[in-house]
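A short write-up of the structure that comes next.
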Amino acid sequence: MQFKAMVLSNVELSPGYFRMRMTAPQELASSAPGQFLMLKVNDAIDPLLRRPFGLFDVGSFLPEYAGCGAQVYCEILYKVVGKGTKLLSALHHGDLVDLLAPLGKGFDLGPAGEEKVLVGGGVGLAPLYYLAKELKNRGEKVRLFAGGRNRDDILCITEFERLGVETYVATDDGTLGERGFVTQVLEPHLAPGTRIFACGPTPMLNAVAKMAQKSGVPCQVSMEAYMACGVGACLGCVMKGANHTEETPDYRCVCKDGPVFDSFELQWS
Amino acid sequence: MQFKAMVLSNVELSPGYFRMRMTAPQELASSAPGQFLMLKVNDAIDPLLRRPFGLFDVGSFLPEYAGCGAQVYCEILYKVVGKGTKLLSALHHGDLVDLLAPLGKGFDLGPAGEEKVLVGGGVGLAPLYYLAKELKNRGEKVRLFAGGRNRDDILCITEFERLGVETYVATDDGTLGERGFVTQVLEPHLAPGTRIFACGPTPMLNAVAKMAQKSGVPCQVSMEAYMACGVGACLGCVMKGANHTEETPDYRCVCKDGPVFDSFELQWS
Amino acid sequence: MQRPDMSVAIAGIEMRNPVMTASGTFGYGAEFADYLDLESIGAMITKGLSLKPKAGNPTPRIVETSGGMLNAIGLQNVGIDAFIEQKLPYLKNVNTPVIANLYGNTLEEYGEVASRLDGLAGVAGIEVNISCPNVKQGGIVFGTDPSAAQEVVSLVKKNTSKPLIVKLSPNVTDVVVMAKACADAGADALSLINTLTGMAIDLERRRPVLANVTGGLSGPAIKPVALRMVWQVAKAVSLPIIGIGGIMTGRDALEFMLAGATAVQVGTASFLDPSAAQRIAREMEEYLVEHGIASVRSLIGALEV
Amino acid sequence: MQRPDMSVAIAGIEMRNPVMTASGTFGYGAEFADYLDLESIGAMITKGLSLKPKAGNPTPRIVETSGGMLNAIGLQNVGIDAFIEQKLPYLKNVNTPVIANLYGNTLEEYGEVASRLDGLAGVAGIEVNISCPNVKQGGIVFGTDPSAAQEVVSLVKKNTSKPLIVKLSPNVTDVVVMAKACADAGADALSLINTLTGMAIDLERRRPVLANVTGGLSGPAIKPVALRMVWQVAKAVSLPIIGIGGIMTGRDALEFMLAGATAVQVGTASFLDPSAAQRIAREMEEYLVEHGIASVRSLIGALEV
Ligand SMILES: Cc1cc2nc3c(=O)[nH]c(=O)nc-3n(C[C@H](O)[C@H](O)[C@H](O)COP(=O)(O)OP(=O)(O)OC[C@H]3O[C@@H](n4cnc5c(N)ncnc54)[C@H](O)[C@@H]3O)c2cc1C
Ligand SMILES: Cc1cc2nc3c(=O)[nH]c(=O)nc-3n(C[C@H](O)[C@H](O)[C@H](O)COP(=O)(O)OP(=O)(O)OC[C@H]3O[C@@H](n4cnc5c(N)ncnc54)[C@H](O)[C@@H]3O)c2cc1C
Ligand SMILES: Cc1cc2nc3c(=O)[nH]c(=O)nc-3n(C[C@H](O)[C@H](O)[C@H](O)COP(=O)(O)O)c2cc1C
Ligand SMILES: Cc1cc2nc3c(=O)[nH]c(=O)nc-3n(C[C@H](O)[C@H](O)[C@H](O)COP(=O)(O)O)c2cc1C
Ligand code: FES
Ligand code: FES
C-alpha cells in the first residue's frame, strides 16, 4: 500500500538513534512483524530512492482532538548513517512522508509452546520489538539477546522488559551487560524447543545461523540489501540462496522473498 | 562575503509573496540599495544553484536574549515561482541559510535636491524599499509608483508611506489604485529634475526606459537574469549592451556590472 | 471542455495514452498491480528477456547517485519460455498492450528469441535492447557499432511480424548514425535512451560499489542528455520515437513529446513512486485540459527552435 | 601525527594539493579572491582562451537541471592578448600555478594561441580544450574524432614547450581511443571530463531554454560518468590524469584519485560555494589525517577491482 503518513513524534533515544511514530491506515494493523516499509524522506530528487526500515511497532491510539476515532500508528527505530537518515532525523510532528507498507515477508512465529529467542545487533533490534509484542500477546515465553559496540547501541531494553521479555545484553567494550559478542551470551541458551529470530549485521547473522544449525534450532534471519523498488521488480536487492553456484545461480529478492528468511535458505560464508 | 544567516522571520504578506528577515554580519550594514544576495535554500544538490534576491531592507536590532549586542539583519521580499522559492517559503525562525552578499552594483542615488521617482512592478518593488529608506535618510523627496496585475501583487505600500514616500498604485484589473499600467500613472510625473529608479518585469522596464529617454530624465533599471556564480565568473548572466550587434557584441554581466544599469547602457527592444 | 484525446500509436500499437513503463523497472507488471491501475497506462514493457534464464550479476547491483542511480542487474530474467508460461497469462488478462523487451548474447540468440515471440497472442510488439551496457556480449557492441546494430535489427525483423522497436544506447559519439542504421535495417520505431555507463566508488573500502564495477545511470540526472538525443534523432529519422530518461512528471513527459517523441517510458520514477506511470499520464492530461489542447498528438515535435 | 603530504605534480607542474579550479567556472581567478585564499589551492585554470576576443552565445546561457546545470556560454573570453595584458599580471602575484585553457576555431588557431603563450612567465602549463560542445567549429569535431584530435595536439605540441594537458570530451563512444590518440600525439597529461551535451525545454514557451538549443551538462549529475571514464583511461594510458565532473566534496575528489586521477578539478561546485576548491582540499587533508594516510599520492589508482 502507498500512503502519506504524518509524523507524530521523532525522538533521539541514544546518540544517533531515533524512534519515529507516524500515522498509518487501518490496513497496517494487519501487518506482520518482520515486514518493512519504504519511506521517501522528502519529495525532492535528493536523496532519490526510498529508504527501507523495519516495522518497530504498530498499534493504535486515540487522537486528542475531537472528531477522530482510533487511529493506527506505525513506528520505526533508525540509526543515522547517511543523507537519508540525517534528513529523517530532522522531521517534526506534523511533517508528511510518503510510505509503502507493509512490504515483504515477515517472521513465521512458529508453534506455541516453544521458547522464542530474539537476537538483535544494534539497530537490528528494530523488527524484534513488534515481534516480541505479538509473541507476548500469544502468551509465549520470549528472551531477547541484544548486542552492540557500546552502551549507546543498546536500545529500548526497558520497553522489551515491560512486555515481559527476559533480556540479555552484551557489548564489545563491556559498557553495558557482558563484555563480548552477543552470540557468546546466546550460545548456552540454545536447546531443542527454542526458535531463533535474528536481525543485525551480517557477521552476527552468519554466526547465529551457524550456531543454530549446530544446535539444530530453527532460525529465521532478517536481512538487509540495497533496494530500489521494494516490490520485487528491479532485482537490485537479491542475495545468494543456499544452493547458489556460479553455474546454477539462485538469487532471492530480499524485498519480496524476504527480508525474513529461514537461515538454511541462504548461503553463508 | 559568504556567511551563514539565521532566519528570524518568514511571513506571507499576500498570497505567494513572502518577506524574510535573516541575521547578517556587521559588514552588510554598509551595503548599497540595489545590491543583491545569492541564497542557497538548503545544503542538498536539489535545487543545485543559489537563488538571487534583491536586498529589501538592511538594518539592526537588539536581540531579546541576553549577552548579545546589536545585530545586523537583512531582508528579502520574494515571490514563490518555482522549486527554490517554494522551499524558501517553508523555512522557519532558527533555520540557517548560506548567503553571498552584498553582490553587484547598487543604485547611484544621484545629487540631492532632485525628485526621486521609484517605479516597481510586482516583486520588483523589493530593492526599492531599501533605496527609499536611504533616500529618505538623506532627506530627499521620494515618490513610489507601484504596479501589478491585481491587488495581491501590490506589497508594502504602508511601509513606504511610513517612510514618508508618496505612493501611486496601478493594477491591470483596477482592484487597487488606478486601472492600467503603472507607466501610464508615472508619465505625467516625469519632468527635468526627476530621477528614475525602476525594477520589475522587462516589458515594464522597457517602457520606463523609453519614457525616461523621451523626457530626458536619468533612469536606472535593476535587471534580472539566470545566474550561476553571482560573482562575474561564469558569464551566464550577461545582457546586451546598448551597442551590441552580431558583429561587435557587447555583453554586460548582470551580477557584476549590474544588476543596476543606467538605462542607456543596455539595448532595449 | 471535452476530455483531451490522449491516444497515440507506435508502429500500429494503439495506446490509450503515451505513457509506457520502461524495461527492467516494472518487473513483469504484476509487481505493481497493488499500486496503480495497469489499465490506466499506455503500454507495459517487460524486463529484458533472453533465450535461457539468466542469473544476472553478483551484488551489490544498485547504488544511488546524485539525482540518479546506477544499476548492474546484469539482465537477470526468467528466460523466454518461463516468461511465456508463467508471466504472460497474467498479462493477457490486462487490457493494456504488452511489449516484450529482448536481447541476445549472440546475434543468433536475438533472432531465436524474436521468433519464439512471433505470433504469440498477448504480445503487442517487441523492443530490442541493443544497448545494455552491463553484459559483455549482450549489448555494448551491438549498441555502439552501426553495422552490428544493423545486423541484429535485420535478423530480428526477419524473425518477427510484430512491430519492432529498437532501443538505442546513449553511450555513442553520434546517436543519429545509430538511429539511421536501425531505421535502414527495418526498425518500426526507436526508443531512447538506455542508461549512460557510470561508476561509483566506496572510498572506505577502496572498491567499486557495484560488484560489476560499472553500471547504467538512470533517473533525473540523465534527462538533459536524453532530451537532446530524442531531439537529434527526431530531426533526422522519420520513425516514431519513444522518449526515455529521467521522466518524473507529466511536464517531463510533455517536454519529450515536444522534442519529437510520440510516446515516453517511465523507468526509475516507478521506484520512487510505484504509481508514477499512472500519475504521469494524469498530469499530462491535466496539462492539456488547463491549456485547452484537444489532442496530445498535436504536441509531438512541436518544439520551436 | 605530521600533516599529510598533499602535494602532487602533473607533468612537472608542482602543486601544493591536487585541487585545481576548472576552466570557465573560476573566471580569471580574481573573481573568487574575496571568497577563498587563492594560495590554498593546487592550481587555477583560466577560462578558455581564443586568438580573438569572443562574444559567446546569445542568452539564456544557463539553466539548472536535476543535480546539474546546462551551460552554453559559447566560450566568451577576452582573447589571448587581453588575457596576457589585463589578467595575467594579477595572477602572477598569486603563488599558485596558472594553467591557460585554450581553444581554436580552426586547427591553425590552436597552434597560434599556443605559441603566444609559449615562454610566457606566469603560465605554468596549458590545457587544450578539444571538447567544448557549444561552438560549431570550436571543438566538437576535434574532440570526437581521434585523428582530428591527434592533429590538434601535435600542432600545439610543436608550438609550446610548456606542459601540455589535453581535455577530453565525454560525448564519445570510446574515450580510451581518444585518450590514446592524444597521448600518441604528445600530450603530457589528460583532463576529463568536459560537459555532456544536453538540452532543456521550456514547456510553456515550447522552446529550448537555452538560446543555443543544446548546452553542456555539469555538476553532481555527471559524476558517475566522469568516474567511469577516468577509471577507463587510467587503466589504458600511462599519462597523469586530472579528474573532473561533479566534484563537490573532499570525498568525491578522493574517489577520483582512487580511480586513477593524480589531481582533480572543481567546476560547478564553485558556483554553489565560492570557497569550494579550498574547502575540498581541506576535506581531503582531514580524511587523510583521520585515516592515518601520510601522502595523498598513495591513493592514486589505489582502487581494488
Ligand atoms: C529490509 C530492511 C530493513 C531495514 N530496517 C532498518 C531499521 O529498522 N532501522 C535502521 O536504522 N535501518 C534499517 N535498515 C537500513 C536502512 O535502510 C539504511 O540504514 C538506510 O537506508 C540508510 O540511508 P541513508 O540515506 O541514511 O544512508 P546512505 O548511505 O546515504 O544511503 C545510500 C543508499 O544506500 C542504501 N543503504 C545504505 N545502508 C543500507 C543498509 N544497511 N541496508 C540497505 N540499504 C542501505 C540506502 O537505502 C540508499 O539507497 C533496513 C534495511 C533493509 C533493507
Ligand atoms: C539580481 C536579481 C535580483 C532578484 N531579486 C528578487 C527579489 O527581490 N524577489 C524575488 O521574488 N525575486 C527576485 N529575483 C528573481 C528570483 O531570483 C527568482 O524568482 C528565483 O531565483 C526563482 O527560483 P525558483 O527556484 O523558485 O524558480 P525556478 O524557476 O524553479 O528556478 C530555476 C532556475 O531559474 C532561475 N530563475 C527563475 N526565475 C528567475 C528570474 N526571474 N531571474 C533570475 N533567475 C531566475 C533560478 O535562479 C534557478 O536557477 C531576482 C533575480 C535577480 C537576477
Ligand atoms: C534497475 C534497472 C533495470 C533495467 N533493465 C533494463 C532491461 O532489462 N532492458 C532494457 O532495455 N533496459 C533496462 N533498463 C533501462 C530502462 O529501461 C531505461 O531505459 C533507463 O532506466 C532510463 O530511464 P529512467 O531514467 O526513466 O530510469 C533498466 C533500468 C534500471 C534502472
Ligand atoms: C559555466 C561553465 C563554463 C565552462 N567553460 C569551459 C571552458 O571555457 N573551457 C573548458 O575546457 N571547459 C569549460 N567548462 C567545463 C568545466 O571546466 C568542467 O569540465 C565541467 O563543468 C565538469 O566539471 P563540474 O561538474 O565540476 O562542473 C565550463 C563549465 C561551466 C559550467
Ligand atoms: S528492491 Fe527491487 S527487487 Fe527488491
Ligand atoms: S552569474 Fe556568473 S557571471 Fe553573472
| request: Compute the signed sum of charges (Lys and Arg +1, Asp and Glu -1) over the other residues within less than 11 Å, Cβ to Cβ, of C:Tyr35. | output: -3
| query | How long, wide and thick is the range B:109-219, going by the Cα atoms along their three principal axes, in whole angstroms, largest first? | reply | 36, 32, 20
| query | Nearest-5 percent of antiparallel DSSP beta bridges in the protein assembly as shown? | reply | 50 percent
| field | the protein assembly as shown - charge dipole about Cα centre, Lys and Arg +1 at Cβ, Asp and Glu -1, debye rounded to 20 | value | 420 debye
| request: Please calculate the 1.4 Å probe accessible area of B:Arg19, with all protein chains present, and give it to the nearest 10 Å². | output: 50 Å²
| message | Which one, A:His244, A:Val231, A:Phe264, projects farthest toward the positive side of the charge dipole computed for the range A:225-269 from Cβ point charges (K/R +1, D/E -1)? | response | A:Val231
| Mean-position separation - Cα centroids, the range B:214-263 and the range C:256-298, in angstrom | 38 Å
| query | Once you average over the residues of C:53-62, how many Cβ atoms of partner chains fall within 10 Å of each Cβ? | reply | 6
| task | Please tell me the relative contact order of the range D:164-296 in percent, rounded to the nearest whole number, where contacts are Cα pairs under 8 Å and at least six residues apart. | result | 20 percent
| What's the center-to-center distance, using Cα atoms, between the range C:48-109 and the range B:95-125 in Å? | 59 Å
| said: Can you list which of the DSSP-assigned H helices in chain D have a Cα extent of 15 Å or more along the long axis and an average Kyte-Doolittle score of at least -0.5? | reply: D:107-117, D:146-158, D:223-236
| Which one of A:Thr202, A:Tyr130, A:Leu55 is farthest out on the positive end of the charge dipole of the protein assembly as shown, using unit charges on Cβ (Lys, Arg +1; Asp, Glu -1) and the Cα centre as origin? | A:Thr202
| note | Distance in Å, no decimals, from the C-alpha centre of the range D:148-186 to the one of the range B:127-199 is 59 Å
| request: Please figure out what share of the DSSP beta bridges in the range B:109-219 is antiparallel and state it in percent, rounded to the nearest 5. | output: 0 percent
| note | One decimal, nm, nearest first: from C:Leu107 to the same residue in each other copy, label points 7 Å out along Cα→Cβ, the values are 3.6
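First select every other residue whose beta carbon is under 12 angstrom from the beta carbon of B:Asp153; then total the charges, Lys and Arg +1, Asp and Glu -1.
Residues near B:Asp153 contribute 0 overall.
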| task | Give the nm distances, rounded to one decimal, from A:Leu163 to the matching residue in every other copy, measuring between label points 7 Å along Cα toward the beta carbon; shortest first. | result | 6.4
| Which residue, chosen from D:Ile247, D:Cys182, D:Gly215, occupies the Cα position most advanced towards the positive end of the dipole of the range D:172-261, where the dipole is computed from +1 (Lys, Arg) and -1 (Asp, Glu) charges on Cβ about the Cα centre? | D:Gly215
| note | Along the range A:91-102, Karplus-curve 3J(HN,Hα) (6.51, -1.76, 1.60; θ = phi - 60°) to the nearest Hz, with x for Gly and Pro, reads 6, 10, 3, x, 5, 10, 10, 9, 10, 10, 5, x
| request: Provide the solvent-accessible area of A:Met1, counting protein heavy atoms only and rolling a 1.4 Å probe, rounded to the nearest 10 Å². | output: 60 Å²
| field | Straight-distance crosslink candidates among aspartates and glutamates, where the alpha carbon sits under 16 Å from C:Lys52 and sequence neighbours closer than 8 are dropped | value | A:Glu246, A:Glu247, A:Asp250, C:Asp81, C:Glu85, C:Glu108, C:Glu109, C:Glu112
| query | To one decimal place, what Kirkwood hydrodynamic radius in Å is obtained for chain C from all pairs of distinct Cα atoms? | reply | 19.0 Å
| message | Given the rotation that superposes chain A on chain B, what residue of A brings its beta carbon nearest the axis, and what is the distance in Å? | response | A:Asp46, 2
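Nearest-5 percent of antiparallel DSSP beta bridges in the range D:65-180?
Of those bridges, close to 10 percent are antiparallel.
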| How about A:Lys79: which aspartates and glutamates have a C-alpha closer than 12 Å to its C-alpha, ignoring those fewer than 8 places off in the same chain? | A:Glu12, A:Asp152, A:Asp153
| task | On a 0 to 90° scale, report how tilted helix B:126-137 is relative to the longest principal axis of chain B, with both axes built from alpha carbons and the result rounded to the nearest 10. | result | 80 degrees
| remark: Long-range amide H partners of D:Thr21, meaning residues 5 or more apart or on another chain whose placed amide H is closer than 5 Å, are D:Ala43, D:Met44, D:Ile45, D:Val266
| field | Interface area, A with C, accessible, probe 1.4 Å, both sides summed, Å² nearest 100 | value | 2300 Å²
| field | Whole-number percent relative contact order across the range D:1-99, with pairs defined as alpha carbons under 8 Å at least 6 apart | value | 28 percent
| task | Kindly state, as a whole number, the per residue volume in cubic angstrom of the convex hull around the alpha carbon atoms of the protein assembly as shown. | result | 196 Å³
| query | Treating the beta-carbon of each Lys and Arg as +1 and of each Asp and Glu as -1, no other charges, what is the dipole magnitude of chain A about its Cα centre, to the nearest 20 debye? | reply | 100 debye
| field | Compactness index (Cα Rg / 2.2 N^0.38 Å), the range B:225-269 | value | 1.10
| said: Kirkwood Rh over alpha-carbon pairs of the range C:49-162, then Stokes-Einstein at 25 °C and 0.890 mPa s: what D in µm² s⁻¹, rounded to an integer? | reply: 164 µm²/s
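Using the Cα centre as the reference, give the magnitude of the dipole from point charges on the C-beta atoms of the range A:225-269 (Lys, Arg: +1; Asp, Glu: -1; all else neutral), rounded to the nearest 20 debye.
200 debye
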| What translational D, rounded to a whole number of µm²/s, comes out for the range B:2-103 from Stokes-Einstein when the hydrodynamic radius is the Kirkwood one over Cα pairs, at 4 °C and 1.567 mPa s? | 94 µm²/s
| Those residues of the range A:73-112 whose amide nitrogen sits under 17 Å from the label point placed on A:Leu62, 7 Å along Cα→Cβ | A:73
| query | FRET efficiency for D:Ala30 and D:Glu108, Cβ-Cβ distance as r, R0 = 30 Å, nearest 0.05? | reply | 0.45
| task | Using 0.36 nm per residue of separation minus the Cα-Cα distance, give me the extension gain between C:Leu120 and C:Asp5 in nm, one decimal. | result | 38.4 nm
| field | GNM result for chain C, Cα springs below 10 Å: residue of C:Leu254, C:Leu91, C:Leu102 fluctuating most strongly | value | C:Leu91
| query | From the label point of C:Asn93, set 7 Å along Cα to the beta carbon, how far off in nm is each other copy's matching point, shortest first? | reply | 8.1
| If the convex hull of the alpha-carbon atoms of chain B is projected onto planes in all directions, what is the mean projected area in square nanometres? | 14.8 nm²
| note | So for R0 = 35 Å, FRET eff. of A:Met6-B:Asn137 from the Cβ-Cβ r, to 0.05, ends up at 0.10
| the range C:154-212 - Kirkwood radius from inverse mean 1/r over Cα pairs (Å) | 13.9 Å
| note | Helix A:202-215: inclination vs chain A longest Cα principal axis, degrees, rounded to 10, gives 40 degrees
| Quick one: if you stick a label point 7 Å off each Cα along the C-beta vector at B:Ala112 and A:Leu96, how many nm between them? | 5.7 nm
| To the nearest 500 deg cm²/dmol, what mean residue ellipticity at 222 nm is calculated for the protein assembly as shown from DSSP H runs of n ≥ 4 alone, each contributing -39,500 (n - 2.57), summed and divided by the residues? | -6500 deg cm²/dmol
| remark: As straight-line cross-link partners of B:Lys136, the qualifying lysines (C-alpha separation under 17 Å, not fewer than 8 residues apart within one chain) are B:Lys116
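Which whole-number percentage describes the relative contact order of the range B:109-219, with Cα contacts under 8 Å and a sequence gap of 6 or more?
With pairs under 8 Å counted, the relative contact order is 29 percent.
The values are calculated or read from the model by the stated rules, or taken from the named source; none is laboratory data. As the structure is a computational prediction, the values presented were derived from the model and not from experiment. With ideal geometry, Cβ positions are generated from the backbone for all residues, glycine too; neighbour counts draw on all protein chains shown. Heads up: the accessible areas ignore ligands, DNA and RNA and are worked out on the full protein's heavy atoms, side chains in. Shrake-Rupley method; radii C 1.70, N 1.55, O 1.52, S 1.80 Å.
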